[in-house]
Amino acid sequence: MESALLYGLGGLAVLLVLWPTRSGANRFLRRWGIAEPTGQQESIAVRYLRNRRLLYPPLLFLVPSAADALAGLLGFPPPEPGLLQSYAALIIALLLAEAVAAVRPVRGLRVAALAPRRWHDVVPRTAVVILLALFAAAALLAVVDLLAQPVLRRVVSSAKGYSPEHLDHVLRPTAVPVLAGVVIGAAAVFGVVRLAVRRAPTGDPGSDAVLRTRSARVAVGLGMAWAGSLLTAAPSRLLAVDGLFDGVPDTAPAWFAAVPALRWLGLLVFVVSLGGWMWVVNPAKRDLPVSNEGVR
Amino acid sequence: MTGSRWVVVDPDNGVPPWRQIRDQLVHLIRSGALSAGTPFPPIRQLARDLGLSAGTVARVYRELETGGLLVTARRRGTVVADLPPHASPPDPLADAAARFVAEVRALGGDEHAAEAAVRAAWSD
């Protein structure tokens, strides 16, 4: 509860610092490819940003409690507060805001672009491939951890000089929470991308294309960070068991000698996911949809 | 989506939405703003974006297909047809009028407002 409150207050601070203004919206639109934003485009961008950022404090407050409840339901101890919960709150904020925009009825003048709109129009295929690879790798490591459970029990039982409580803690399984994280994360990210493609337009074709692109790219970027964190967490039990011994224990199979290399994998994955996140949310001008298109 | 054109529907101007869409699409195709082979959005996407039923948009597409302005192929979807030279007689005045009507609709004006604006501009 304490950490949830802290997260909520953090979200409130973020909201105050990032409260959308017209000048901020102007800079935001320029960054996302509109050279000379109009007043209408600024208003649309302010509304877009406000609808998402207003969700940060309540979600940052609720996600840790929801994570604790989910862990309890699955029979696991509550997860440590960390980056994963912040990413989850941000992705859910995006998802909720896009879902609300998708069900909001179109009123007044209706403007629609005369071009097919597909997922690869709003997010690069390469980014989606990287994201899928990160999710697949996290799932694979989780499955390896699951399959290795009997072996790990045998190896841990031969460890000397540790209390039974510590060994129980080391043996705490990580695979199921990681697999749940992969499924929930993938559903949320691809849900945002799908809604960004399908939701009702904003009424201004130029800013509409930009905001769809922004939503999809930010979701995929957060997804990369999320998947990277899962990938770092997935081998934690294997690494913890390895940490109980100097060298490879006699009770361990031959493949156990490769476990220390997973530490480097964690570092590599961290760099790849962080780099991928930065790349996908900071697109080059040539990759952006516009323009100064607008209905004047 | 770069460089895409758009269509505007004003539910309050008294003209049925399908006619508003049809007139704008005919203008965009005949004026060459949408060249042969330009892909059109799927019916459901355009209907969703305009807050209309899929049947309304399907009716427009059907009419334009019958008029030889659009073709639908299984793999390419609906695209602008190759227009024979006689299908697009140059008529700069009609083009200017269509552009003006589209602008008026975009601004939320109706036929009377447009007529008053033309009269006022003409007498200047």
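The values are calculated or read from the model by the stated rules, or taken from the named source; none is laboratory data. Keep in mind that this is a model prediction, so the values were computed, not measured. As a convention, Cβ positions derive from the backbone with ideal geometry for all residues, glycine included, and neighbour counts pool all protein chains shown.
Criterion first (in contact with a Leu (Cβ under 8 Å, 6 or more places away or on another chain), modelled with pLDDT under 90 and farther than 30 Å from A:Arg47 by Cα) does A:Val182 satisfy it?
So A:Val182 does not fit the description; no.
Search the range A:187-209 for residues being touching a Leu at 6+ places or on another chain (Cβ under 8 Å) and more than 30 Å from A:Gly39 (Cβ to Cβ), and hand back the single one that is nearest to the other protein chains (Cβ to nearest Cβ).
A:Gly191
Give just the number: which of (1) within 11 Å of chain A (Cβ to nearest Cβ); (2) surrounded by fewer than 19 Cβ atoms within 10 Å (Cβ to Cβ); (3) among the β-branched types (Val, Ile, Thr); (4) under 30 Å from B:Arg119 (Cβ atoms) does B:Val26 not satisfy?
Evaluating B:Val26 over (1) within 11 Å of chain A (Cβ to nearest Cβ); (2) surrounded by fewer than 19 Cβ atoms within 10 Å (Cβ to Cβ); (3) among the β-branched types (Val, Ile, Thr); (4) under 30 Å from B:Arg119 (Cβ atoms) leaves (1) as the failure.
Among the listed residues A:Arg154, A:Arg198, A:Arg214, which satisfies the condition of being crowded, with 18+ Cβ neighbours inside 10 Å and among the charged types (D, E, K, R)?
It is A:Arg214.
Can you spot a residue in the range A:28-47 that is surrounded by 16 or more Cβ atoms within 10 Å (Cβ to Cβ), on the phi > 0 side of the Ramachandran plot and either modelled with pLDDT under 90 or not in a helix (DSSP H, G or I) (or both)?
Yes, because at least one residue in the range A:28-47 is surrounded by 16 or more Cβ atoms within 10 Å (Cβ to Cβ), on the phi > 0 side of the Ramachandran plot and either modelled with pLDDT under 90 or not in a helix (DSSP H, G or I) (or both).
Need the failing condition index for B:Gln20 against (1) in contact with an Asp or Glu (Cβ under 8 Å, 6 or more places away or on another chain); (2) facing another protein chain (nearest Cβ under 10 Å); (3) at pLDDT below 90, just the number.
It fails just one condition, (3).
Rundown of residues vs (1) within 14 Å of the chain's Cα centre (by Cα); (2) outside any helix (DSSP H, G or I); (3) in contact (Cβ under 8 Å) with a residue 40 or more places away in the chain, yes/no style:
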| site | (1), (2), (3) |
| --- | --- |
| A:Val182 | yes, no, yes |
| A:Val189 | yes, no, yes |
| A:Pro201 | no, yes, yes |
| A:Gly206 | no, no, yes |
| A:Ala209 | no, no, yes |
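Output the residues belonging to the range B:1-10 that are at pLDDT 85 or above and touching a Lys or Arg at 6+ places or on another chain (Cβ under 7 Å).
If we filter the range B:1-10 for residues that are at pLDDT 85 or above, which is where we start, we get B:6-10.
Those that are at pLDDT 85 or above and touching a Lys or Arg at 6+ places or on another chain (Cβ under 7 Å): B:Val8, B:Val9, B:Asp10.
Please note which helices (runs of 4 or more DSSP H) are completely contained in the range B:21-124 and include at least 1 residues that are within 25 Å of A:Asp121 (Cβ to Cβ). Even if it seems obvious, please write down each step before you answer.
Details: elements: B:43-50, B:54-66, B:92-106, B:111-123.
Qualifying helices (runs of 4 or more DSSP H): B:43-50, B:54-66, B:92-106.
For the range B:32-44, check the following and say yes or no: at least one residue is under 26 Å from A:Arg212 (Cβ atoms), out of contact with any Lys or Arg (no Cβ under 8 Å at 6 or more places or on another chain), of a type in the set (A, V, I, L, M) and facing chain A (nearest Cβ under 10 Å).
No: zero hits.
Considering each residue of the range A:259-289, count those that are within 14 Å of chain B (Cβ to nearest Cβ) and either part of a helix (DSSP H, G or I) or within 26 Å of A:Arg237 (Cβ to Cβ) (or both), and give that number.
Total meeting the criteria: 3.
Take the residues in the range A:106-122 that are in a loop (DSSP other than H, G, I, E, B) and touching a residue at least 60 places away in the same chain (Cβ under 8 Å); name whichever of them is farthest from the other protein chains (Cβ to nearest Cβ). Steps first, please.
In the first step, residues of the range A:106-122 are kept if they are in a loop (DSSP other than H, G, I, E, B); the result is A:106-109, A:114-118.
Adding the requirement that they be touching a residue at least 60 places away in the same chain (Cβ under 8 Å) leaves A:106, A:108-109, A:117-118.
On the way: A:Val106: 3, A:Gly108: 8, A:Leu109: 5, A:Arg117: 6, A:Arg118: 9 Å.
Among residues in the range A:106-122 that are in a loop (DSSP other than H, G, I, E, B) and touching a residue at least 60 places away in the same chain (Cβ under 8 Å), the one farthest from the other protein chains (Cβ to nearest Cβ) is A:Arg118.
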